[in-house]
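J.: Please find one structure pasted underneath; my questions will follow.
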Amino acid sequence: MKNQLSSLVYFLSAHFLALSNSFGQVSEFAELEAEYASQTGTAYTIVFDDSGSMIGQKIREAKQAFAWWLEKAGPNNAWCFLPLNSRYLDVEFVKNGESQVIRAVKNLEAGGITPIVDTLALAYEKIKTRRETVTPYERHLVIILTDGAETKDPGGNSAVCKSIVGLRDKGIEVFGIGFHGEGSYLDGFASHYVAANNREELQRSLSQVDAEVPLNIEFLISGEEKKAMALLATMPAGKTPQVNPDRVSAFEDDGETDAMVLIFVVLVIVAVGALVLVSLAKKS
Amino acid sequence: MKRVFPSFLFSLFVSFLVTGAALGQKVNYLEIPKPFKNDPVFKTPMGSVKSGILQMPFITWAADGVTIHANGGEKPNAGSKLGRAAGTPVKLERVDEFDKQLRAYISGDSPFLRGTIGMINLASEGLTAISPELTPVVFLKLSWSTGADGFVAKGVEKLSDLKGKTIVVQRTGPHMDLINVLLEDAGLTPADVTVKYVADITENPDNPVPGINDPAGAFRADSSVDGAAAIFPDILTLTAGGNVGTGAEDSVKGAKPILTTRTASRVIADVYAVRADWFKANRDRVKSMAKTLLEEQKFFRDHLDNIAKKKSADQAKLREFKQLSRPLAGIILFDEAAVEDFVFWLGLDSELALFSGNDEFFGNERSPVGFAAANKRIQAYYVSGGLISSPTYPTAASFKWFESTSLAAPVVALKPVFSSAQAVRSAAESADAGTLFTYTFGFPASMADLAWRDYPDVFNTIHEKVTRYGGAVVQLRGHSDNFFYNFVRMKRSRGDTSYERKVGGAFKKFPLPQVEELSNAANKLSYSRAFAVKRAYAQYLREHFGLSAQEMDLSRFDVKGMGVSDPRHSNPSSPQQRTENMRGELIIIGVESEIPLDFGMEDLR
């Protein structure tokens, strides 16, 4: 366990260093750069398992390592801390709020159930609020540290996976980090699932991707795939085609889709009604 | 020339116009010789400036009320501030017709011209051709028009739609240059439109020529006219209250306000000029007069600032101001009861220049809206339209107001137009927001760096437009290319977790990113590109003009990352198309109805 946490600390720290470099642009316009920094950076939502299964040595090691990692974190990130049970220790999003998260982690005590679904719903609410009231340009990462399974939601682990897919559909990256071989049910549903002792995978998964690729890079794309891309281009940006019927968002859409569906249904009803009336009129 | 303000004369104008339209009067279009120096007005015999009482023209413009107040009225008054400064009594005379002013100027009845910087430039060639002693010396800037003038048109969504259209404007009036600016910013030349001229700026009951003599009337009566430069009350009438004209109640069907000086707040500069010969002989008197008028402006500005305090305004001071403004309303608006209209015009629809504004206008040669730049722009445009045969610039008195100890240089306090970033965004997204100017910067893949030194001319132009449209929002929109995003979406939708790309001549497999990772990266990249334009502009202001961060007003800038939501090519299939998607746009957006005012009518009651 100790090795697993140490490797987690190592790779997350490397990730932060890499990120902080990208904000290290020198400028004489402190106010301008502060404005830029306030709008960008990464917003971390830490969903920390403080359930009964973490009692004892496990949570002590996790707290110590997590606090150390936070202290090493680079600047310009926002932090939100949501333990599964100890609601009084919640930390709302704070820019450069590492110290507050450290205090909360220090006071964390294990005990209670594993309500991951509820906590993810809470996380989404906080992210939504932050996007609407502070900035929509932050990279949002939800990091779920858990060594166990959902114990509150009747849907169990499937409900957790559904919640994660819902978050991802909202442009939120979800990192599942499992301990002691547990939590692996997140694999395939989270943006990335990593066993805490897998250093290489952790490092790879946490690095930020580029939105664009150099123009001289040639991709292998079949004719069929080209057609599929052309079709995709007609879909609204940000909407992802569903991989399979199981990938149904657990979170409500912004209403736009619902409204469009409603309009479509009304139009169909009106059209059908009109046809019926016309046919009745002809008969009479 | 006659520049008349809002609501007071509103109903009066409407009644005249209704009558004119009802009688089916013809529009009296006028010609303007090309070049203008061939106009008969320049055949006026030149004479020396007459001694004795000094004749000084004023026009129907609120800032001229300040001049009248300094003179204690229109009549000669040796004991008034202006009279003492001039060393002789000054007789102020309303002369709204610029041709009449020119005749008096050339003949020596008056050494002064009262016009806009555009009008003075138009006349400069003809006057200098008579004699260099008549070359206008601009010695005082009175104000900017910040809402009293504008342009209204039908069938025009954006300025570039004016190509091939017919527009009407007052001959030799302040709107000739406004039209020039609109056309220039739309990328059009004078040859792209047909311009018709009329005598008055608005319906003028004193014009002895029967028929229609104003742009608004011509727009109503002549269906071949697509647009008109007009004053604020006419704009409201033509467009059914600033919306879209219906054809009823003197509106023109389909007519919409395109732009007013509330947005283009640094175009129409009202100035006084003096004959070169008289200036040479009376430099100190002219300076003393200018100083007196600017001190009087400061007095009025203090009162206007008090009104802007709204509920916490000093009520006794407000009463005093309204009292002293009554006779000025009587002179400027022909009705002493229209005092609130007068104050509204003075404080909102115009902006007094003050000492600092004169210092900036004449002294800052790098200002894109200063005296030097304005002359250059105006002359170039008049030359291209044939109104001037070769550039002939007026000169400036170039008084240094802050060199002496008697006048302390003011602390420049930047006053944002909008109260917050949210207000800027909401104005940019309002229903009546309209694009005035756009420039697009390209970026290499995944890059968001922009250096103004790579685009010096572009930033000069941007600075000119940003300054000129002082009431507009400057929206910066960054965009990311959506090729890789589409590719990953497509692959993910097919269940793939890897993709292949060519490395060293052979395809190799790579793990496929998640869609949300790309979406986050695209959002940030697009915002960074938009912000790069703002950063580059700030660096331009610092390095090109020597401004400190505190001296810059970037409060009208709205930075917006569009992610992959608005690509130029939704399915980019070539490097060219992908390159075109990787961009940052600077868009100047007119937001007329969203511009907050310092005070309202309720604050005057």
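The values are calculated or read from the model by the stated rules, or taken from the named source; none is laboratory data. Since the structure is predicted, the reported quantities are computational estimates derived from the model, not experimental observations. All Cβ positions, glycine included, derive from the backbone under ideal geometry; neighbour counts span all protein chains shown.
J.: Just to be sure, is B:Phe484 facing another protein chain (nearest Cβ under 9 Å), part of a strand (DSSP E or B) and either in contact with a helix residue (DSSP H, G or I) (Cβ under 7 Å, 6 or more places away or on another chain) or surrounded by fewer than 17 Cβ atoms within 10 Å (Cβ to Cβ) (or both)?
T.: no
Residue by residue, here is whether (1) modelled with pLDDT under 85; (2) surrounded by 12 or more Cβ atoms within 10 Å (Cβ to Cβ); (3) within 27 Å of the chain's Cα centre (by Cα); (4) within 7 Å of another protein chain (Cβ to nearest Cβ) holds:
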site	(1), (2), (3), (4)
A:Leu186	no, yes, yes, no
A:Asn197	yes, yes, yes, no
A:Val209	yes, yes, yes, yes
A:Val213	no, yes, yes, yes
A:Asn216	no, no, no, no
A:Glu224	no, no, no, no
A:Lys227	no, no, no, no
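J.: With the checklist (1) facing chain A (nearest Cβ under 10 Å); (2) modelled with pLDDT of 95 or more; (3) part of a strand (DSSP E or B) in hand, flag the one item B:Ser526 doesn't pass.
T.: Exception for B:Ser526: condition (3).
J.: Any residue at all in the range B:324-338 that is closer than 24 Å to B:Val181 by Cα and either among the hydrophobic types (A, V, I, L, M, F, W, C) or in contact with a Gly (Cβ under 8 Å, 6 or more places away or on another chain) (or both)?
T.: Scanning the range B:324-338, I find no residue that is closer than 24 Å to B:Val181 by Cα and either among the hydrophobic types (A, V, I, L, M, F, W, C) or in contact with a Gly (Cβ under 8 Å, 6 or more places away or on another chain) (or both), so the answer is no.
J.: Considering every residue within the range B:466-482, establish whether at least one is more than 19 Å from the chain's Cα centre (by Cα), among the charged types (D, E, K, R) and modelled with pLDDT of 95 or more.
T.: Within the range B:466-482 (the criterion being more than 19 Å from the chain's Cα centre (by Cα), among the charged types (D, E, K, R) and modelled with pLDDT of 95 or more), the answer is yes, since at least one residue qualifies.
J.: Right, another one. Can you spot a residue in the range B:529-539 that is in a strand (DSSP E or B) and either crowded, with 23+ Cβ neighbours inside 10 Å or in contact with a helix residue (DSSP H, G or I) (Cβ under 9 Å, 6 or more places away or on another chain) (or both)?
T.: No; the residues of the range B:529-539 include none that is in a strand (DSSP E or B) and either crowded, with 23+ Cβ neighbours inside 10 Å or in contact with a helix residue (DSSP H, G or I) (Cβ under 9 Å, 6 or more places away or on another chain) (or both).
J.: Among all residue pairs at least 6 apart or on different chains, which show Cβ distances below 7 Å where the first residue, located in the range B:213-232, is of a type in the set (Lys, Arg) and the second is buried (at least 24 other Cβ atoms within 10 Å of the Cβ)?
T.: B:Arg220/B:Val252
J.: Given the criteria in the same structural domain as B:Val66 (by TED's automatic domain parsing), of a type in the set (Ser, Thr, Tyr) and over 24 Å from B:Leu333 (Cβ atoms), does B:Ser223 qualify?
T.: no
J.: In the range B:218-236, how many residues are in contact with a strand residue (DSSP E or B) (Cβ under 8 Å, 6 or more places away or on another chain) and in a loop (DSSP other than H, G, I, E, B)?
T.: 4
J.: Right, B:Ser573: more than 10 Å from chain A (Cβ to nearest Cβ), among the hydroxyl-bearing types (Ser, Thr, Tyr) and in a loop (DSSP other than H, G, I, E, B) or not? If you could, list the steps in order and put the result at the bottom.
T.: Numbers: more than 10 Å from chain A (Cβ to nearest Cβ): no; among the hydroxyl-bearing types (Ser, Thr, Tyr): yes; in a loop (DSSP other than H, G, I, E, B): yes.
So B:Ser573 fails the test.
J.: Can you find a residue in the range A:122-135 that is acidic (Asp, Glu) and either within 30 Å of B:Tyr527 (Cα to Cα) or within 14 Å of another protein chain (Cβ to nearest Cβ) (or both)?
T.: So far as the range A:122-135 goes, yes, one or more of its residues are acidic (Asp, Glu) and either within 30 Å of B:Tyr527 (Cα to Cα) or within 14 Å of another protein chain (Cβ to nearest Cβ) (or both).
J.: I would also like to ask the following. Just need a number here: residues in the range B:246-302 that are under 18 Å from B:Ala85 (Cα atoms), aliphatic (A, V, I, L, M) and surrounded by fewer than 19 Cβ atoms within 10 Å (Cβ to Cβ).
T.: Final tally of qualifying residues: 1.
J.: Mind telling me which of the residues B:Ala70, B:Ala62, B:Ala148, B:Ala86 ends up being in contact (Cβ under 8 Å) with a residue 60 or more places away in the chain, closer than 22 Å to B:Lys280 by Cα, of a type in the set (Gly, Ala, Ser) and crowded, with 20+ Cβ neighbours inside 10 Å?
T.: Details: B:Ala70 fails: closer than 22 Å to B:Lys280 by Cα; B:Ala62 fails: closer than 22 Å to B:Lys280 by Cα; B:Ala148 fails: closer than 22 Å to B:Lys280 by Cα.
None of the others qualify; the one that does is B:Ala86.
J.: A further question follows. Scan the helices (runs of 4 or more DSSP H) fully inside the range B:68-182 and keep the ones with 2 or more residues being out of contact with any Ser or Thr (no Cβ under 9 Å at 6 or more places or on another chain) and not charged (D, E, K, R).
T.: It comes to B:117-130.
J.: From the set of residues in the range B:255-271 that are of a type in the set (Val, Ile, Thr) and outside any loop (DSSP other than H, G, I, E, B), which is farthest from B:Gly118 (Cα to Cα)?
T.: B:Ile258
J.: Now for a separate question. In this structure, does B:Val181 turn out to be within 28 Å of B:Ala427 (Cβ to Cβ) and buried (at least 18 other Cβ atoms within 10 Å of the Cβ)?
T.: yes
J.: Which condition does A:Gly155 not pass, out of (1) more than 14 Å from chain B (Cβ to nearest Cβ); (2) within 21 Å of A:Met54 (Cβ to Cβ); (3) surrounded by fewer than 24 Cβ atoms within 10 Å (Cβ to Cβ); (4) not polar (S, T, N, Q), if it passes all the others?
T.: The failed condition is (2).
J.: Now a separate question. Out of everything in the range B:491-513 that is within 8 Å of another protein chain (Cβ to nearest Cβ) and among the small types (Gly, Ala, Ser), what residue ends up being surrounded by the fewest Cβ atoms within 10 Å (Cβ to Cβ)?
T.: B:Gly495
J.: A further question follows. Can you find a residue in the range A:9-20 that is at pLDDT below 80, within 13 Å of chain B (Cβ to nearest Cβ) and surrounded by 15 or more Cβ atoms within 10 Å (Cβ to Cβ)? Talk me through it step by step, then tell me what you get.
T.: Residues of the range A:9-20 that are at pLDDT below 80, as a first pass: A:9-20.
From the residues that got through so far, the ones that are within 13 Å of chain B (Cβ to nearest Cβ) too are A:19.
If we keep only those that are surrounded by 15 or more Cβ atoms within 10 Å (Cβ to Cβ) as well, we get A:19.
Checked against the condition, which is being at pLDDT below 80, within 13 Å of chain B (Cβ to nearest Cβ) and surrounded by 15 or more Cβ atoms within 10 Å (Cβ to Cβ), the range A:9-20 yields at least one hit.
J.: Something else about it: Residues B:Arg556, B:Arg542, B:Arg568: which one is out of contact with any Lys or Arg (no Cβ under 7 Å at 6 or more places or on another chain) and facing chain A (nearest Cβ under 9 Å)?
T.: Answer to the selection: B:Arg542.
J.: Residues to consider are B:Ser493, B:Ser526, B:Ser498; find the one that is closer than 30 Å to B:Ile462 by Cα and among the polar types (S, T, N, Q).
T.: None of the others qualify; the one that does is B:Ser526.
J.: In addition: Among B:Lys196, B:Lys154, B:Lys165, B:Lys158, which is the only one that is among the basic types (Lys, Arg), in the same structural domain as B:Phe232 (by TED's automatic domain parsing) and under 18 Å from the mean Cα position of the chain (by Cα)?
T.: Step by step, each of B:Lys196, B:Lys154, B:Lys165, B:Lys158 is checked, and only B:Lys158 is among the basic types (Lys, Arg), in the same structural domain as B:Phe232 (by TED's automatic domain parsing) and under 18 Å from the mean Cα position of the chain (by Cα).
J.: If you go through the range B:312-332 one residue at a time, how many are touching a residue at least 40 places away in the same chain (Cβ under 8 Å) and over 12 Å from B:Ile68 (Cβ atoms)?
T.: Summing the residues that are touching a residue at least 40 places away in the same chain (Cβ under 8 Å) and over 12 Å from B:Ile68 (Cβ atoms) in the range B:312-332 gives 3.
Matching residues to (1) of a type in the set (Lys, Arg); (2) more than 14 Å from chain A (Cβ to nearest Cβ):
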{"position": "B:Ala428", "(1), (2)": "no, yes"}
{"position": "B:Leu436", "(1), (2)": "no, yes"}
{"position": "B:Ala451", "(1), (2)": "no, no"}
{"position": "B:Arg468", "(1), (2)": "yes, yes"}
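J.: So is B:Ile587 buried (at least 17 other Cβ atoms within 10 Å of the Cβ), out of contact with any helix residue (DSSP H, G or I) (no Cβ under 8 Å at 6 or more places or on another chain) and closer than 22 Å to B:Lys158 by Cα or not? Steps first, answer last, please.
T.: Working: buried (at least 17 other Cβ atoms within 10 Å of the Cβ): yes; out of contact with any helix residue (DSSP H, G or I) (no Cβ under 8 Å at 6 or more places or on another chain): yes; closer than 22 Å to B:Lys158 by Cα: yes.
For B:Ile587, the condition - buried (at least 17 other Cβ atoms within 10 Å of the Cβ), out of contact with any helix residue (DSSP H, G or I) (no Cβ under 8 Å at 6 or more places or on another chain) and closer than 22 Å to B:Lys158 by Cα - is met.
J.: Next question, about the same structure. Take B:Glu516 and tell me if it is touching a helix residue (DSSP H, G or I) at 6+ places or on another chain (Cβ under 6 Å), within 7 Å of chain A (Cβ to nearest Cβ) and not aromatic (Phe, Trp, Tyr). Write out each step before concluding.
T.: On the way: touching a helix residue (DSSP H, G or I) at 6+ places or on another chain (Cβ under 6 Å): yes; within 7 Å of chain A (Cβ to nearest Cβ): yes; not aromatic (Phe, Trp, Tyr): yes.
Against the criterion (touching a helix residue (DSSP H, G or I) at 6+ places or on another chain (Cβ under 6 Å), within 7 Å of chain A (Cβ to nearest Cβ) and not aromatic (Phe, Trp, Tyr)), B:Glu516 qualifies.
J.: Would you please name the residue that is modelled with the highest pLDDT, looking only at residues in the range B:16-44 that are part of a loop (DSSP other than H, G, I, E, B) and farther than 27 Å from B:Gln379 by Cβ?
T.: B:Asn28
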